[in-house]
Amino acid sequence: MIKIGNFFFKYRNILFIFLYLLLFIPSPDLFSPEVFGPSYYIWPIIIGLLITVTGQAIRGATIGLAYIVRGGKEGKVYAEDLVTSGIFNHCRNPLYVGNVLMLFGVGVLANSLIYVFVVMPVFFFIYQAIVLAEENFLRNKFGESFNAYCKRVNRWVPNVKNISDTFQTMEFKWKRWILKEYNTQFVWLVGITLILLFKYPQLTHYNENRRNILAFIVVPILGLCYLFIRWLKKSKRMTE
């Protein structure tokens, strides 16, 4: 598993985008009108958005409170320090938990049976392998400190005990959240927009012109926001 994790670690960012694109492959419905009635589409929209927004909220809280530098070096697992504060005090892999929830949520939002029950298990297997590879590196580098951290904090399931104290005693750095997360948020929001508009014609009362107009308005606005934040970052007009 560690070898598998080291392999996928190098391509994990591309993997996220690839798996996101799989949302649009044809699939049987999770929620069908035969079972849930004519308003069946309300269920995947509400449940899917709730799950995926929770995932993004976890990522945002993690990055805003105590960002972890674990981007790798030369495509290999790497970490400068053992970060155990912020959301990392409640879960060892909150960014990955956020990713899993974000993709699972949009899978539900897309009402895709194949995505939820085929793609997501494969995605979780890959993430589990990556986590094991990272833990192997951290254990070798930080030794007993990391072992003690593992005994205290869960790998996947967040422990929300005293989480209010975490938010009260730490400063949320919203600029860092924006600068570190704008790429992910852009892809995420565009995907949600396209799913809502093209998967659920009920939302635009089956009016294709209205759907297309909304798509041509919302997607370019998101694109302009993306370019503006990118400009702020590259020009250093906004810093952490």
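With respect to (1) of a type in the set (A, V, I, L, M, F, W, C); (2) modelled with pLDDT of 95 or more; (3) closer than 30 Å to Asn140 by Cα, the lone exception for Ile2 is condition (2).
Regarding Lys141, is this residue touching a residue at least 40 places away in the same chain (Cβ under 8 Å), under 30 Å from Arg230 (Cα atoms) and open to solvent by 30 Å² or more (accessible area, probe 1.4 Å)? Steps first, please.
On the way: touching a residue at least 40 places away in the same chain (Cβ under 8 Å): yes; under 30 Å from Arg230 (Cα atoms): no; open to solvent by 30 Å² or more (accessible area, probe 1.4 Å): yes.
Answer is no for this residue.
Of all residues in segment 148-180, those satisfying the criterion of being open to solvent by less than 80 Å² (accessible area, probe 1.4 Å) and without any contact (Cβ under 8 Å) to a residue 24 or more places away in the chain are Ala148, Ser164, Asp165. Restrict the check to segment 157-174 and report whether at least one residue is at pLDDT below 95 and within 27 Å of Val218 (Cβ to Cβ). There is at least one residue in segment 157-174 that is at pLDDT below 95 and within 27 Å of Val218 (Cβ to Cβ).
Just to be sure, is Ile17 within 18 Å of the chain's Cα centre (by Cα) and closer than 16 Å to Asn183 by Cα?
Working: within 18 Å of the chain's Cα centre (by Cα): yes; closer than 16 Å to Asn183 by Cα: yes.
So Ile17 fits the description; yes.
Looking at Gly55, is it open to solvent by less than 30 Å² (accessible area, probe 1.4 Å), more than 22 Å from Leu179 (Cβ to Cβ), modelled with pLDDT of 95 or more and assigned to a helix (DSSP H, G or I)? Spelling it out, it is not the case that Gly55 is open to solvent by less than 30 Å² (accessible area, probe 1.4 Å), more than 22 Å from Leu179 (Cβ to Cβ), modelled with pLDDT of 95 or more and assigned to a helix (DSSP H, G or I).
Screening Leu82 with (1) open to solvent by 40 Å² or more (accessible area, probe 1.4 Å); (2) not in a loop (DSSP other than H, G, I, E, B) gives one miss only, at (2). Restricting attention to segment 198-240, the residues being basic (Lys, Arg) and surrounded by 14 or more Cβ atoms within 10 Å (Cβ to Cβ) number 5.
Which ones in segment 124-175 are β-branched (Val, Ile, Thr) and either closer than 30 Å to Lys236 by Cα or more than 23 Å from the chain's Cα centre (by Cα) (or both)? Break it down stepwise before answering.
Residues of segment 124-175 that are β-branched (Val, Ile, Thr), as a first pass: 126, 130-131, 153, 157, 160, 163, 166, 169.
Within segment 124-175, Thr166, Thr169 qualify.
Taking segment 1-52 as the range and being open to solvent by less than 60 Å² (accessible area, probe 1.4 Å) and in a loop (DSSP other than H, G, I, E, B) as the test, the residues that pass are Ser27, Leu30, Phe31, Ser32, Gly37, Tyr40, Tyr41.
The values are calculated or read from the model by the stated rules, or taken from the named source; none is laboratory data. Predicted model only: the values in this text are computed from it and were never measured. Cβ coordinates were reconstructed from backbone atoms using ideal geometry, including for glycine residues, and neighbour counts include every protein chain displayed. Heads up: the accessible areas ignore ligands, DNA and RNA and are worked out on the full protein's heavy atoms, side chains in. Shrake-Rupley method; radii C 1.70, N 1.55, O 1.52, S 1.80 Å.
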